[in-house]
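The values are calculated or read from the model by the stated rules, or taken from the named source; none is laboratory data. Here the structure is a predicted model, which is why all the values come from computation and not from measurement. Glycine also receives a Cβ, built like all others from the backbone with ideal geometry; neighbour counts cover every protein chain displayed.
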Amino acid sequence: MDWTNIVRPTMTVYSPKGTNTGVAVVVFPGGGFSGLAINLEGTEACDSLTSKGITCVLLRYRVPSTPYDWHCKCRPDDLATPTQALEDAQRTIGLVRHEAARWNVDPHKIGVLGFSAGGYVVAEISTRYEHRLYETVDAADEVSCRPDFAVAVYPGHLWAGGKGYGLNPNVPVTRHTPPTFLVQAENDNVDGVHQSIAYYIALKDAGVPVEMHLYAQGGHAFGLRPTSLPITRWPQLVDTWLHTIGMLSPVSERPAETAGDRGWGDAYGPAMNKKFD
């Protein structure tokens, strides 16, 4: 892992290059909640997004995150909520929406993208946005932290196990869950294709717009790096999907303000620092 033992979450905002579409995406890297693959599933995703006129917000959420522990038998069948990661996701989306005007972001076009364990965070924030898991700190916690769209790439921790495709009960899908894009390989031996299938079925049954792409080969943790395998062309499919759901449409030619690295000292305030440190 690129980053481990993160006790102080930070968000880094990358401004779009060229025409600003007004869209923003919060990125959750994977790492099994023991670390974060910041390069493969973080900065490389932001490089791709910003080249398309999308503001990218890279979240370094807290890890390791209890109760996930690599020394226990806890993946992919551990269904517990990654509380710290979810708190950090809620806070980050609230901050992005609160600062939307200043960063030239459309507050109704804020999405999330996550890989592996980060894909689970995508599902959690997509379904558990109504109530913050922490005490309100400032005005950023008064605005909605619901994503407007969601992309989960080889997600984990979603399938409840067993013979069917039951969904993790800690992911309470409703008709208000945002439109979702899923991609996974059938030979993913880390999390397994059942994860995406279980989530897809729950979303479809709830009437949520959902698009899923399954490939025979690709394994796990392929990120955005192109290979000869068709699955690595999934970013182009996401581009098409974002146009289909009406998210991608140029609204400004001005680049968003460069916000840089935001620690929770700036974002959470003393009360949250005291709680987390």
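On the phi > 0 side of the Ramachandran plot and crowded, with 17+ Cβ neighbours inside 10 Å: does that describe His213?
Values: on the phi > 0 side of the Ramachandran plot: no; crowded, with 17+ Cβ neighbours inside 10 Å: yes.
It is false that His213 is on the phi > 0 side of the Ramachandran plot and crowded, with 17+ Cβ neighbours inside 10 Å.
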> Is the stretch 194-205 home to any residue that is within 20 Å of the chain's Cα centre (by Cα), modelled with pLDDT under 95, within 23 Å of His108 (Cα to Cα) and crowded, with 18+ Cβ neighbours inside 10 Å?
Replying inline: no
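When you scan the stretch 41-94, how many residues do you find that are assigned to a strand (DSSP E or B) and modelled with pLDDT under 95? Talk me through it step by step, then tell me what you get.
Pass one, the stretch 41-94, residues assigned to a strand (DSSP E or B): 55-60, 63.
With the extra rule that they be modelled with pLDDT under 95, the set shrinks to 63.
Counting residues in the stretch 41-94 that are assigned to a strand (DSSP E or B) and modelled with pLDDT under 95 gives 1.
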>> Given (1) at pLDDT 95 or above; (2) at negative phi, identify the lone condition not met by Asn104.
In response: (2)
> Within the stretch 15-40, which residues are closer than 13 Å to Ser51 by Cβ and outside any loop (DSSP other than H, G, I, E, B)?
Replying inline: Asn20, Val25
> Applying the selection to the stretch 95-130, what residues are out of contact with any strand residue (DSSP E or B) (no Cβ under 7 Å at 6 or more places or on another chain), of a type in the set (Phe, Trp, Tyr) and not in a helix (DSSP H, G or I)?
Replying inline: Tyr129
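Could you grab me the full set of residues in the stretch 163-193 that are among the acidic types (Asp, Glu) and crowded, with 24+ Cβ neighbours inside 10 Å? Lay out the reasoning, then the answer.
Of all residues in the stretch 163-193, those among the acidic types (Asp, Glu) come to 186, 188, 191.
Of everything in the stretch 163-193, those that are among the acidic types (Asp, Glu) and crowded, with 24+ Cβ neighbours inside 10 Å turn out to be Asp188, Asp191.
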> Do we find a residue being in contact with a helix residue (DSSP H, G or I) (Cβ under 8 Å, 6 or more places away or on another chain), among the hydrophobic types (A, V, I, L, M, F, W, C) and not in a loop (DSSP other than H, G, I, E, B) anywhere in the stretch 192-206?
Replying inline: no
> How many of the residues in the stretch 1-40 are among the small types (Gly, Ala, Ser), buried (at least 23 other Cβ atoms within 10 Å of the Cβ) and modelled with pLDDT of 95 or more?
Replying inline: 3
>> I'd like to know if the stretch 138-150 contains one or more residues that are surrounded by 14 or more Cβ atoms within 10 Å (Cβ to Cβ), under 18 Å from the mean Cα position of the chain (by Cα) and either in a helix (DSSP H, G or I) or at positive phi (or both).
In response: no
